[in-house]
1. Test ARG141 against the stated conditions and say whether it is basic (Lys, Arg), in the same structural domain as VAL50 (by TED's automatic domain parsing) and within 22 Å of ARG202 (Cα to Cα).
2. Counting only residues that are polar (S, T, N, Q) and assigned to a helix (DSSP H, G or I), which one in segment 133-153 is farthest from ALA42 (Cα to Cα)?
3. How many residues are charged (D, E, K, R), under 19 Å from TRP37 (Cα atoms) and more than 14 Å from the chain's Cα centre (by Cα) if we restrict to segment 152-197?
4. Which of the numbered conditions does ASP95 fail, given that it passes all the others? Conditions: (1) touching a residue at least 40 places away in the same chain (Cβ under 8 Å); (2) closer than 17 Å to LEU106 by Cα; (3) over 12 Å from the mean Cα position of the chain (by Cα).
5. For segment 21-40, indicate whether the set of residues that are modelled with pLDDT under 85, more than 26 Å from PHE183 (Cβ to Cβ) and outside any helix (DSSP H, G or I) is non-empty.
6. Any idea which of LEU248, LEU229 is more than 24 Å from ARG90 (Cα to Cα), in a helix (DSSP H, G or I), at pLDDT below 80 and not assigned by TED's automatic domain parsing to the domain that holds THR144?
7. Which residues, taken from segment 181-209, are modelled with pLDDT of 90 or more, under 18 Å from ILE138 (Cα atoms), out of contact with any Lys or Arg (no Cβ under 9 Å at 6 or more places or on another chain) and not aliphatic (A, V, I, L, M)?
Amino acid sequence: MLGSPVEYGTDAAFCAGAALNSLDILARSEPAWGGAWRQRLALKCAAAAVRLAGRSEDEAALRDANLRPAGSDPGPAGNLLAAWRQLTARPPAIDSARLGEVVDLLGLRWDDGFADLPGAIDGMARSGRPAPFGAAAIASRVVTVSPRAELLAWWCADFLLAQKLRCPKPVQLLMAQVSAPAFRTPGHSAKRFRPGGEEIERAVCLALTQGPDDSLRLAADLSRRAERLAAVGPKLRAKGAGEVIRRLLEDDVVPGSLTTKKLVALRSAAAVRTAADIRGGAGAVRPRLLPAVWISKLRCSIATA
């Protein structure tokens with residue numbers, strides 16, 4: 001995190017490079033809890049996208065939308081979450097088909113100008129332009145094509161970052177920062193910088209200083225909680241407990257109806273009402289907190305064959 005205001009764009013770019021390097025080192029280490037970490041970042045991006053779209057759903061509501069039965073309509077907010085979850089879950093490769101899928105999830109109409117975006121993203125990724133400036137450029141290009149497509153602009157910007165950094169599994173950063181101070185003018189009548197504006201490159205650099213810092217703080221928290229879960233794992237006698245722990249560390253939310261070869265299902269929250277991290281109505285176990293009380297109840301939450 002920056003300790004004082006950054007006056008010059010070159011300083012902002014330097015800080016962004018240092019922060020991205022630290023994040024890249026962690027991402028490439030592939031920690032066991034990396035899946036939950038990336039999907040949590042996707043959730044934060046989706047929550048920011050929901051606010052930018054003028055909707056009221058919070059992170060809890062977005063998780064609930066993600067837990068709907070397969071084939072059901074998650075609604076506009078749930079589709080926004082799906083757009084950022086697929087950015088995390090799939091390799092950073094883009095074509096017109098995938099872009100069209102994202103456009104639909106974001107609730108946008110296809111514009112013929114979007115057809116050139118996959119090529120533009122790939123070209124920018126292969127260029128020598130620094131990642132923050134490339135992200136700002138591709139975001140600006142999107143809103144030039146369609147001024148109402150700012151959500152797509154930031155999705156493409158995070159996608160380009162993944163390509164520039166050669167991340168096999170993208171880590172989203174920019175969408176979550178669009179309402180942060182990096183994108184606002186100083187003073188009481190602060191205005192938000194949008195893609196295409198004069199200050200967008202500097203704003204993106206500042207956001208890519210704060211974004212990695214926030215991501216690393218989240219990673220440190222998840223690491224500590226995952227250690228607690230790993231410590232209690234060998235003590236669990238229930239068949240399939242190890243697989244449940246693995247699933248919890250791979251995703252931000254695991255449905256209570258989960259079944260595998262070794263596991264019949266996770267029980268509903270009725271069996272573990274004292275666990276602060278299980279939402280009864282959704283029947284979901286969330287690695288968001290992994291509190292000690294939940295760990296002590298894990299045996300109760302597993303139904304074996």
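The values are calculated or read from the model by the stated rules, or taken from the named source; none is laboratory data. From a predicted model like this one, the values you see are computed outputs, not experimental measurements. Cβ coordinates were reconstructed from backbone atoms using ideal geometry, including for glycine residues, and neighbour counts include every protein chain displayed.
1. yes
2. Here the residue is THR144.
3. Going through segment 152-197, the residues charged (D, E, K, R) turn out to be 158, 164, 166, 169, 184, 191-192, 194.
Then drop every residue that is not under 19 Å from TRP37 (Cα atoms), which leaves 158, 166, 169.
With the extra rule that they be more than 14 Å from the chain's Cα centre (by Cα), the set shrinks to 166.
Residues meeting the conditions: 1.
4. The failed condition is (1).
5. Keep residues of segment 21-40 that are modelled with pLDDT under 85, which gives none.
No; the residues of segment 21-40 include none that is modelled with pLDDT under 85, more than 26 Å from PHE183 (Cβ to Cβ) and outside any helix (DSSP H, G or I).
6. From the options LEU248, LEU229, the qualifying one is LEU229.
7. Within segment 181-209, ARG194, GLU201, ARG202, CYS205 qualify.
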